[in-house]
Structure formats: C-alpha cells, structure tokens
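Before any comments, here is the structure.
The values are calculated or read from the model by the stated rules, or taken from the named source; none is laboratory data. Note that the structure is predicted; figures quoted are calculated from it, not measured. Here the Cβ is made from the backbone with ideal geometry for all residues, glycine too, and neighbour counts use every protein chain on show. For the accessible areas, the whole protein counts, side chains as well, though only heavy atoms, and no ligand, DNA or RNA atoms are used. Shrake-Rupley method; radii C 1.70, N 1.55, O 1.52, S 1.80 Å.
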Amino acid sequence: MGWTRRGILAGLLAGAAFPAAAEAPSVSPLPRRRGDGGETRQRIETAARLIAAAQLGGAVGCLVADAATGAVLEAEAADLGLPPASVMKALTAAYALDRLGAAHRFETRVLATGPVVGGVVQGDLLLVGGGDPVLDSDMLGDLAARLAAQGIRGVRGRYLAWGGALPALERIDAEQPEFVGYNPALAGLNLNFNRVNFEWARAAQGWKLTMDARAERFVPLVRMAEVQVVSRAQPLFRYEGGAAGDRWTVAAEALGKGGSRWLPVRHPAIYAGEVFQTLCAAQGVVLPDVAVAEVRPEGTVLAAHRSETLDVILRGMLKHSTNLTAEVAGLAASQAARLRVSALAMQEWARLRHGVSARIVDHSGLGGSSRISAADMVRALVGVQDGMLPGLLKPHGMRDGKGKLIEGHPVQVLAKTGTLNFVSSLAGYIQPPGGRRLAFAIFAADVPRRAALAEAERERPEGGEAWLKRARALQAQLVSRWAGLYA
C-alpha cells in the first residue's frame, strides 16, 4: 500500500519509522545490513568511505530524507544518539514558535509604586524584566530617555531591579570554562547577553583596566564587575565570587600589551540595574544604588520597551548561535521553574509532536550530555518543514570538499551548525532550484576524547581545530553528494 503525504506525516507524528517511497529508485528503502546489492548499497558504501576518510574517531551518524514525504534516501548509523551541540537550537526554535507563537514579544518595564510629584517618584522605582534575551544598553538608554522626557528627575524611595520572570541560573552548563562569555548566568532581566566587556592596556605602571556594558550607541562603565591582575600563568581567568557583584582575577602572563574580551555576568539583575542607573544619570534622572526585588513588583508603568517579535529573535539566535537566547526561549515556552525540568518539557513535546526520542538537558545544546540521533533530528525537520523554521535558518551555502563556501552556487542550504570540543553537527534543508527539498542531519562526536579533557584544556584543546576542520569538510562532502544524487 502506498503512502499518502497525510499518512506519512501521521506516521512520523506517531513515532513510526521513516517510510520509503513506493516507486522511485532514488528513495528506495534503506537496507539494515550490507550485502543487499544494487545502487542503494553502492551509495551507502560511498558515504561510509567519506566518513572513514575523515578519520574523526568516535562516531558519525547521518541521514537525508525527502522533506515533503519523510522518505529516507541515505543513512549511516542514523539511530545512534550523539551530542547535537547548537543544532539543538533549531529544535528549540520550533518548540518556542509552537508554544509561544511568532508574534510573542518580551517586555521590560519601569514601574513606580507611588505618584510622581515635582519630577520625583513618591515611592519606589523598579526596573522589571520580562525575560527579553536581546535587551542591550542602547535599549536601556532609550528607556532612560523616555523617563526623562516625562520630567522625572529622581525617586524618594528605593530603586529595585526584578529578574524573577524566569528562573535564575548561575551559568548554563557547569562543565564549560567559567570565564567564557557564551556560558553566562540567566534570569528574567538580562542585558547584553549577560556579558561585560573587559578591556586592558599597558600603562606606565601596571595596567589600565576597564569594564563596560557597550552597545552601538552607549558605552556605560560598570562597577559591579571587577578584574584584578595577579602573577600566575594559569588559569587565564578565575571567578572569585561576590554577593552583589562579580570579582575576577586574570593571569598577568597572558595579557600581552592589551586587548579585550567578554566575560560572563553572574548577577544579571544587578548588572542591568546598575547600567540603567548610569544611563538615567546621563539623562538627568538620579537613582540610588540598585537592590534586587525579591517579590513580583506591582505599580504604575512609567515606561516600557517591547522586544522584536519572537520570529525575529529566533532568526538572530540561529544566525549567531546565542546560548542565552535559546535558554530564554525554551524557559519562556515551558514556564518551568528549573532548566532541567524545562528541558524535559521540550523533550516530551518533541516525542509527542514529532515522534522524536532524545535526551535533552538544555535548550542551547551547550551541555554535552544531550543525545539525539540523525534520524530523530530529520524526523523533527520533516515535521516542521511546512512552518516557519526553514525560513529562519541561516543560509549555509554549498561548500567544496574542504568546507569552503562556493559563491553563487544555485543549490541553497539552510542549516544550523553545532560545535563543542570534538563534537560537530549540521542539520537543516537542501533546496535546489526547481527541485525537491531535502532534510538532513550529520552528527559527529568523539565523546571519549571530549570527556578526557581537563578543565584547563577545554577552551582550546590540542587537536581540536584540526578535528573540527575534518568534520566540516566531511559535512560539505556529504551535503554535496546528497544535492547531486537526490535533489
């Protein structure tokens, strides 16, 4: 009995195995064992030779299917669960769109608990976060200007910041180096992806050090984060804690003549509150030092900033692979009180909605213990291919055998990449002009090699760049092969 498209998608949603197309030889069922002979076997062995030639160690799983029907065209170790890295963000985007809707916006508000008399708030003034993952210093600067435009010049009571709209996380993944900017804290009030810019330069005696919350138009200095230069070789940075701010030390031997880097913020509400205080002062609005509000605030809205719509935010997340945006999107979609519970909610959604069997520990893929197979990733991509996700994915382009972009190639590749130490992944869609759309996933991981890394090796492990280069070349070869054979 042939498969209608409705029947195929129903089977996918129920968790059934991918069906094979009824007639076309190029989509014949994939044999479970070698030795079945024929054209399909030759194609499998050719893909296998590409994988073997990459010499990645560990394991590689891949699958390509007709995106409209779900019919499998080619696969290697496609049922093997491997770390997806940032490819998880594609699944998170689909989840957030399904649960929140593309028109969802995040709102950051300034509230007053009393009336404004003579330009002074007769009560407390509160900066209230709504979870906005892309709020930056320019947006806070504009919010401060709107307060000043109303004639507000000060506050009689306290100045509070509230970040309780989302659960507080000290950092996304505990196994990542503590000083990397892509692993910040998270709360319901986030600013500049919860990163602070540390800049240093040689001075006549010692070093000139600054910390700022820079955006395009505003560069407010930051007091709540401090760095002290110490005489040591390793580690490069060490977080020393702080009850109401971040204290770091940095190895003098590693600084050179000067430079800058983004450090993660561990107290997001205090960070955003202090930056807003500084930006308000520039507008003539004097606020006392910020304190953290412990309960959900109520009051009169004096000014508000609304984010772009969720689809725009997710397009940026998929382009720049921002971990904080992914975690905020997933937590906002689940409304769970903890990240692990939120990840389980998305895992259950993927199972019920798309028949996906996966282990999901976060929404960004930063945690290396998530597992999903190429078959399950493609199953999800097939399930959402009629929705918004394909149009939000970053154009990846066709690439040559070394992974270099081929300019002007007529075949379009829309995909999400993922990278961790000795983990590389790529998943998305291949769209030829006038041909059929393909959905594919390629996961490569040397999990034992990754697990053996000491903490000091995790930012730039020996052999990591060469391994990643070979993995990306393999991805380019497989995508080129599939586009030529099946599209």
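Just wondering, is there one or more residues in the range 449-458 that are under 21 Å from the mean Cα position of the chain (by Cα), open to solvent by 30 Å² or more (accessible area, probe 1.4 Å) and of a type in the set (D, E, K, R)? Scanning the range 449-458 turns up at least one residue that is under 21 Å from the mean Cα position of the chain (by Cα), open to solvent by 30 Å² or more (accessible area, probe 1.4 Å) and of a type in the set (D, E, K, R).
With the structure loaded, tell me whether Arg232 is more than 15 Å from Glu253 (Cα to Cα), out of contact with any Pro (no Cβ under 8 Å at 6 or more places or on another chain), of a type outside the set (Gly, Ala, Ser) and not in a strand (DSSP E or B) or whether it fails that test. Against the criterion (more than 15 Å from Glu253 (Cα to Cα), out of contact with any Pro (no Cβ under 8 Å at 6 or more places or on another chain), of a type outside the set (Gly, Ala, Ser) and not in a strand (DSSP E or B)), Arg232 does not qualify. The single condition among (1) within 21 Å of the chain's Cα centre (by Cα); (2) within 23 Å of Val292 (Cβ to Cβ); (3) at pLDDT 95 or above that Arg247 does not satisfy is (1). Evaluate the range 373-392: report whether one residue or more is among the acidic types (Asp, Glu), more than 28 Å from Thr309 (Cβ to Cβ) and within 21 Å of the chain's Cα centre (by Cα). Among the residues of the range 373-392, at least one is among the acidic types (Asp, Glu), more than 28 Å from Thr309 (Cβ to Cβ) and within 21 Å of the chain's Cα centre (by Cα), which makes the answer yes. Evaluate the range 89-112: report whether one residue or more is part of a loop (DSSP other than H, G, I, E, B), more than 15 Å from Leu310 (Cβ to Cβ) and open to solvent by 10 Å² or more (accessible area, probe 1.4 Å). No, every residue in the range 89-112 fails to be part of a loop (DSSP other than H, G, I, E, B), more than 15 Å from Leu310 (Cβ to Cβ) and open to solvent by 10 Å² or more (accessible area, probe 1.4 Å). On the given criteria, is Lys394 within 23 Å of Ala466 (Cβ to Cβ) and of a type in the set (D, E, K, R)? No; evaluated as a whole, the condition is false for this residue.
For the range 385-400, the set of residues classified as more than 23 Å from Ala71 (Cβ to Cβ) and in contact with a helix residue (DSSP H, G or I) (Cβ under 7 Å, 6 or more places away or on another chain) consists of Met388, Leu392, Lys394, Arg399, Asp400, listed by residue number. Candidates in the range 396-417 are the residues that are under 19 Å from Ala444 (Cα atoms) and among the small types (Gly, Ala, Ser); of these, the one that is modelled with the lowest pLDDT is Gly401.
The residues of the range 154-186 that are over 10 Å from Leu324 (Cα atoms), in contact with a Pro (Cβ under 6 Å, 6 or more places away or on another chain) and open to solvent by less than 10 Å² (accessible area, probe 1.4 Å) amount to a single one, Tyr159. Only residues that are hydrophobic (A, V, I, L, M, F, W, C) and buried (at least 16 other Cβ atoms within 10 Å of the Cβ) were counted across the range 230-251, and they come to 5.
When Gly259 is tested against the conditions (1) surrounded by fewer than 14 Cβ atoms within 10 Å (Cβ to Cβ); (2) touching a Ser or Thr at 6+ places or on another chain (Cβ under 9 Å), the lone failure is (2).
I'd like the residue in the range 358-388 that is of a type in the set (Val, Ile, Thr) and part of a helix (DSSP H, G or I) and, out of all such residues, is farthest from Leu169 (Cα to Cα).
If we filter the range 358-388 for residues that are of a type in the set (Val, Ile, Thr), which is where we start, we get 360-361, 372, 378, 382, 384.
If we keep only those that are part of a helix (DSSP H, G or I) as well, we get 378, 382, 384.
Working: Val378: 31, Val382: 33, Val384: 30 Å.
That would be Val382.
Test each condition in (1) assigned to a loop (DSSP other than H, G, I, E, B); (2) modelled with pLDDT under 95 for Gln42 and report the one that comes out false. Looking at each condition in turn, Gln42 falls short on (1). Please indicate, with yes or no, whether at least one residue in the range 292-310 is part of a helix (DSSP H, G or I), in contact with a Ser or Thr (Cβ under 9 Å, 6 or more places away or on another chain), of a type in the set (A, V, I, L, M, F, W, C) and in contact (Cβ under 8 Å) with a residue 40 or more places away in the chain. There is no residue in the range 292-310 that is part of a helix (DSSP H, G or I), in contact with a Ser or Thr (Cβ under 9 Å, 6 or more places away or on another chain), of a type in the set (A, V, I, L, M, F, W, C) and in contact (Cβ under 8 Å) with a residue 40 or more places away in the chain. When the residues of the range 288-302 are filtered to those that are among the hydrophobic types (A, V, I, L, M, F, W, C) and over 12 Å from Ala161 (Cα atoms), which remaining residue is surrounded by the most Cβ atoms within 10 Å (Cβ to Cβ)? Going through the qualifying residues, I end up with Leu302.
Once the range 136-153 is narrowed to residues that are at negative phi and in contact with a Gly (Cβ under 8 Å, 6 or more places away or on another chain), the residue that is most open to solvent (accessible area, probe 1.4 Å) is Arg153. For the range 258-267, the criterion of being closer than 22 Å to Val121 by Cα and in contact with a Pro (Cβ under 7 Å, 6 or more places away or on another chain) is met by none of the residues. Would a scan of the range 143-150 turn up a residue that is over 30 Å from Gly368 (Cβ atoms) and either among the aromatic types (Phe, Trp, Tyr) or part of a loop (DSSP other than H, G, I, E, B) (or both)? Yes, some residue in the range 143-150 is over 30 Å from Gly368 (Cβ atoms) and either among the aromatic types (Phe, Trp, Tyr) or part of a loop (DSSP other than H, G, I, E, B) (or both).
For the residues Arg223, Arg217, Arg238, the requirement of being modelled with pLDDT under 95 and charged (D, E, K, R) singles out Arg238. Go through the range 251-291 and count every residue that is more than 20 Å from Tyr239 (Cα to Cα), in contact (Cβ under 8 Å) with a residue 12 or more places away in the chain and part of a loop (DSSP other than H, G, I, E, B). The number of residues fulfilling the criteria is 9.
Criterion first (touching a residue at least 24 places away in the same chain (Cβ under 8 Å), over 22 Å from Val134 (Cβ atoms) and either under 25 Å from the mean Cα position of the chain (by Cα) or in a loop (DSSP other than H, G, I, E, B) (or both)) does Arg238 satisfy it? Yes: the conditions hold for Arg238.
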